[in-house]
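What follows is calculated from the coordinates using simple rules that are stated; it is not laboratory data. Note that this is a predicted model, so its numbers are computed, not measured. Glycine also receives a Cβ, built like all others from the backbone with ideal geometry; neighbour counts cover every protein chain displayed.
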Amino acid sequence: MMNSHSDDKGVVYVAFSYEYFVMAMSSLRSLRQHNKKLSVTIITDIDAGALVRDFGFCEKVEFVVVTDDSKTDRFYKIKNYLFVRNRKVVYLDADTLINGDLQPLFDVLDRVDMAAFPLPMPPEVIGIPDEVNNANLVGYWNSGVLAYQNDEKARSFFDEWWSNYVNLGIHADQPSLAYTINYSSINVRCLSYAFNAILNTSYLRFFGGRRPERIRVNHYFHPHQSKPVVRELFSMHCVLKRRFYDEVDACRRQEMEYFEAKYSLIMCKYCDAPMVGFIVESLVRAYLKKKYGLEKALVKKKNRPKLRKR
């Protein structure tokens, strides 16, 4: 189903699984604080549109519910143009929070076909083979924020990107994006860090001295690296759980319980801890296995290392 909104400008998210749906809804709520009139499309496998329609931040939002299991979420991300009708489109990863007006992203499309954020580290550090990146002579790009003109040229680019993604056989979509840009005639403008502030240790080291108040799109990747992000996602989960926990099937309820157990552990004990992802995932899996009677799981309590007093 295509977005029925025909506005000139629009934002699109792809959110598969309950956790990413929570992230997309949190991102949408933050988007509405600064961009109230933009039309939004959320491509998701969760049929929750009717249940959240009266949320204030869901005005002018179209939920495209995917029921075809033969295609992955990468297909819908790369070919999101199939589901939007806007002339200018900004694709946002679900794991983003919006801190300002996105109008400059649409303005730049008056002069270029596409805009994306270039990664400031050599491709070999990320593990991209030379043949994919043209012997490292051309840059690498992050696909979490993409602004593009929704015209024939862009659609041909996305079709080629999907073809390269399938042929390369690399799970991440960014190597195939770099490969497609390298061999395409599409005009791509570099976005500043303000529109794709990637919040992990490597990037914070590089950009740590920049002015954080200018950041308009926080791209947090791993929620456990930021306590405010964890609190925001858990808050959104509580809102959604009250609304449609009783309306979904047992499988989706288990997803919701997994989310609640995981983020409760992160908030209570393990935020910013070393190996936090591994520890939390292990504990949550053990908790759910025990609760649902799948198998008994013994989890030893691990204390965080104490800091030496200076």
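Here the spin labels are modelled as points 7 Å beyond Cα on the Cα-Cβ line, and at Asp8 and Glu152 they lie 2.3 nm apart.
Quick check for you: which residues of the range 29-57 have the amide N under 18 Å from the point 7 Å beyond the Cα of Asp107 toward its beta carbon? The answer is 34-38. For the listed residue pairs Lys60/Lys88; Lys88/Lys153; Lys88/Lys227; Lys9/Lys153; Lys9/Lys71; Lys36/Lys262, the alpha carbons are over 22 angstrom apart in Lys88/Lys227; Lys9/Lys71; Lys36/Lys262.
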